[in-house]
Amino acid sequence: MAPTVETYPTGAAVISAASDLVASEVRHAVAGSGRCTIVLSGGETPRALYARLAARPDGLPWSRIAWFFGDERWVPQDDPLSNYRMADEALFSHVPISRDRLFRVPTELAPPAAAAAAYEVALRAQFPGRDWPRFDLALMGLGADGHTASLVPGDAALGERTAWVTATRAGRPVPDRITLTIPVFAHAQTMMFLVAGGAKADAVAATLEGPRDPVQWPAQAVEPIDGRCRWLLDREAAGRLAR
Ligand code: 6PG
């Protein structure tokens, strides 16, 4: 199924729309299976979304949601650059989540490959007997260079087809990373890219409308196999799209 692209006038409008879409996906998943498994993206763009979710007056079935991370910087969980810390500050510390359904990457383990291996064990326990996990919702971001999660152009991690989690290097702001692998993302039920700002416009256009080159544009590689993929863009990030 081809990705759908929705453009909004501002980044704030993207966050507002994303909050409603996430709430809808959560309720749908919980109604169907009794739980919702969500993979969170890191960086700065989703911070406002997580805060918006925490502030929703209609609330969500917090105890039914299992939280995972698409990638993590190999820093202590209380480091300002930690994706876990960002999500905890914006969301987890404000709502009654089930802490036994919060799966952060154990970045206290060294080397990064040990943290990746331990995280894979934790994920497999949540999807017993499965070749690949089927997350109900994967939130994704996009870097100006086209990376998504910590899958960066040209990196060896792009070729990983058996491990669910791998250690990799991704440049700034923290070189050592742990990331879910392409097959894991590709098996998601619903994938949602949130991208804002003109700095991403070239990467958005190349990913969505350029030649197929998933090594150079990893977000092309993670497209769901039989799930749906939605791109929510602000006007600036969509500025180079022909459509
Ligand atoms: C990370 C993220 C990364 C992020 C993009 C966009 O750990 O940095 O997982 O993949 O989604 O770099 O980041 P911004 O939203 O901060 O532009």
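The values are calculated or read from the model by the stated rules, or taken from the named source; none is laboratory data. Only a predicted model underlies this, so the values are computations on that prediction, with no experimental measurement involved. In this analysis, Cβ positions are derived from the backbone assuming ideal geometry, glycine residues included, and neighbour counts consider all displayed protein chains.
Across the range 48-81, which residue is nearest to PHE103 (Cα to Cα) among those that are near the ligand (Cβ under 9 Å from one of its atoms) and crowded, with 22+ Cβ neighbours inside 10 Å?
Within the range 48-81, the match that is nearest to PHE103 (Cα to Cα) is PHE69.
Residue by residue, here is whether (1) part of a helix (DSSP H, G or I); (2) touching a Cys at 6+ places or on another chain (Cβ under 9 Å); (3) free of Cβ contacts under 8 Å to residues at least 12 places away in the same chain holds:
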residue: ASP100; (1), (2), (3): yes, no, yes
residue: PRO106; (1), (2), (3): no, no, no
residue: LEU109; (1), (2), (3): no, no, yes
residue: GLU120; (1), (2), (3): yes, no, no
residue: ARG124; (1), (2), (3): yes, no, no
residue: ASP131; (1), (2), (3): no, no, yes
residue: GLY143; (1), (2), (3): no, no, no
residue: GLY154; (1), (2), (3): no, no, no
residue: ALA163; (1), (2), (3): no, no, no
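Could you count how many residues in the range 203-243 are crowded, with 22+ Cβ neighbours inside 10 Å and modelled with pLDDT under 95?
Qualifying residue count for the region: 1.
Taking ARG85 as meeting all but one of (1) closer than 25 Å to PRO214 by Cα; (2) within 16 Å of the ligand (Cβ to nearest atom); (3) of a type outside the set (A, V, I, L, M, F, W, C), write down the number of the exception.
Just one mismatch for ARG85, condition (1).
Criterion first (out of contact with any Lys or Arg (no Cβ under 6 Å at 6 or more places or on another chain) and assigned to a strand (DSSP E or B)) does LEU139 satisfy it?
Here the answer is yes, as LEU139 does meet what is asked.
State the number of residues belonging to the range 20-47 that are in a helix (DSSP H, G or I), within 16 Å of the ligand (Cβ to nearest atom) and not basic (Lys, Arg).
Adding up the residues that qualify gives 3.
Taking the condition more than 30 Å from PRO128 (Cβ to Cβ) and outside any loop (DSSP other than H, G, I, E, B), does SER16 pass?
In short, yes.
Being of a type in the set (Val, Ile, Thr), in contact with a strand residue (DSSP E or B) (Cβ under 6 Å, 6 or more places away or on another chain) and more than 29 Å from GLY239 (Cβ to Cβ) narrows it down to one residue among VAL95, VAL105; which is it?
VAL105
Scan the range 40-84 for residues that are among the basic types (Lys, Arg) and in contact with a strand residue (DSSP E or B) (Cβ under 7 Å, 6 or more places away or on another chain) and jot them down.
ARG64, ARG73
How many residues are in a helix (DSSP H, G or I) and in contact with a Lys or Arg (Cβ under 7 Å, 6 or more places away or on another chain) when one looks only at the range 210-243?
Result for the range 210-243: 1.
Can you tell me which condition LEU180 does not meet? The list is (1) within 14 Å of the ligand (Cβ to nearest atom); (2) on the phi > 0 side of the Ramachandran plot, and all the others hold.
Only one criterion in (1) within 14 Å of the ligand (Cβ to nearest atom); (2) on the phi > 0 side of the Ramachandran plot is unmet by LEU180, namely (2).
Looking at (1) surrounded by fewer than 22 Cβ atoms within 10 Å (Cβ to Cβ); (2) within 16 Å of the ligand (Cβ to nearest atom); (3) of a type outside the set (Lys, Arg), can you tell me which one LEU142 breaks?
Among (1) surrounded by fewer than 22 Cβ atoms within 10 Å (Cβ to Cβ); (2) within 16 Å of the ligand (Cβ to nearest atom); (3) of a type outside the set (Lys, Arg), LEU142 violates only (1).
What's the number of the only condition in (1) surrounded by fewer than 22 Cβ atoms within 10 Å (Cβ to Cβ); (2) within 13 Å of the ligand (Cβ to nearest atom); (3) of a type in the set (Lys, Arg) that LYS200 fails to meet?
Unmet for LYS200, out of (1) surrounded by fewer than 22 Cβ atoms within 10 Å (Cβ to Cβ); (2) within 13 Å of the ligand (Cβ to nearest atom); (3) of a type in the set (Lys, Arg): (1).
Mind checking which pairs have a first residue in the range 186-204 that is farther than 26 Å from ARG161 by Cα and touching a residue at least 24 places away in the same chain (Cβ under 8 Å) and a second that is of a type in the set (Lys, Arg) and in a helix (DSSP H, G or I), Cβ under 9 Å, 6 or more apart or different chains?
none
How many residues does the range 57-77 hold that are of a type in the set (Asp, Glu) and touching a Phe, Trp or Tyr at 6+ places or on another chain (Cβ under 9 Å)?
Of the residues in the range 57-77, 1 are of a type in the set (Asp, Glu) and touching a Phe, Trp or Tyr at 6+ places or on another chain (Cβ under 9 Å).
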